[in-house]
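A.B. asks: Next up is a structure, given as structure tokens.
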């Protein structure tokens with residue numbers, strides 16, 4: 001799974017902040033964001049959602065950059081939404097290249113859905129468009145699109 005470099009963090013009060021997501025701490029329920037060389041930790045309870053900008057490039061799991069361009073062989077697929085993902089199953093593997101890992105399994109997705117996700121992920125990369133946090137239930141919702 002790939003996270004575009006520029007993210008906009010929308011706070012519950014309506015304000016926003018932008019930067020690169022460099023970490024999510026499931027234990028402390030905080031998101032780390034970096035901008036202009038400075039890092040800030042934001043409690044998940046203050047965040048309404050994180051929206052990722054539609055950048056031209058993203059990195060594949062084998063660390064090669066791919067350009068998002070519908071005229072190239074890798075057209076984008078339809079957006080998928082995974083809800084109720086336990087926060088501790090989402091990890092940012094390489095923040096510089098925007099690589100993240102999510103461990104999906106039933107009951108979050110059905111066995112059939114999991115087979116479909118794996119078949120897509122074999123030769124494509126899911127790129128995250130949006131993340132929503134539910135700090136009370138310690139879960140997240142991810143909206144992603146395969147490229």
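Per-residue answers, yes or no, for (1) buried (at least 17 other Cβ atoms within 10 Å of the Cβ); (2) part of a strand (DSSP E or B):
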| position | (1), (2) |
| --- | --- |
| 82 | yes, yes |
| 85 | yes, yes |
| 91 | no, yes |
| 96 | no, no |
| 112 | no, no |
| 115 | no, no |
| 130 | yes, yes |
| 136 | no, no |
| 142 | yes, yes |
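A.B. asks: Determine if the stretch 52-59 includes at least one residue that is modelled with pLDDT of 85 or more, touching a strand residue (DSSP E or B) at 6+ places or on another chain (Cβ under 9 Å) and under 12 Å from residue 3 (Cα atoms).
C.D. replies: Yes; the residues of the stretch 52-59 include at least one that is modelled with pLDDT of 85 or more, touching a strand residue (DSSP E or B) at 6+ places or on another chain (Cβ under 9 Å) and under 12 Å from residue 3 (Cα atoms).
A.B. asks: Looking at the stretch 24-50 only, could you name the residues that are in contact with a strand residue (DSSP E or B) (Cβ under 7 Å, 6 or more places away or on another chain), in a strand (DSSP E or B) and over 16 Å from residue 91 (Cβ atoms)?
C.D. replies: 33, 34, 35, 39, 40, 41, 42, 43, 47, 48, 49
A.B. asks: Taking the options 102, 127, 120, name whichever one is in contact (Cβ under 8 Å) with a residue 24 or more places away in the chain, touching a strand residue (DSSP E or B) at 6+ places or on another chain (Cβ under 8 Å) and over 29 Å from residue 11 (Cβ atoms).
C.D. replies: 120
A.B. asks: Restricted to the stretch 60-98, and to residues that are touching a helix residue (DSSP H, G or I) at 6+ places or on another chain (Cβ under 9 Å) and modelled with pLDDT of 90 or more, which residue is nearest to residue 44 (Cα to Cα)?
C.D. replies: Here the residue is 87.
The values are calculated or read from the model by the stated rules, or taken from the named source; none is laboratory data. Source: prediction; values computed, not measured. Cβ: placed from backbone, ideal geometry, glycine included. Neighbour counts: every protein chain shown.
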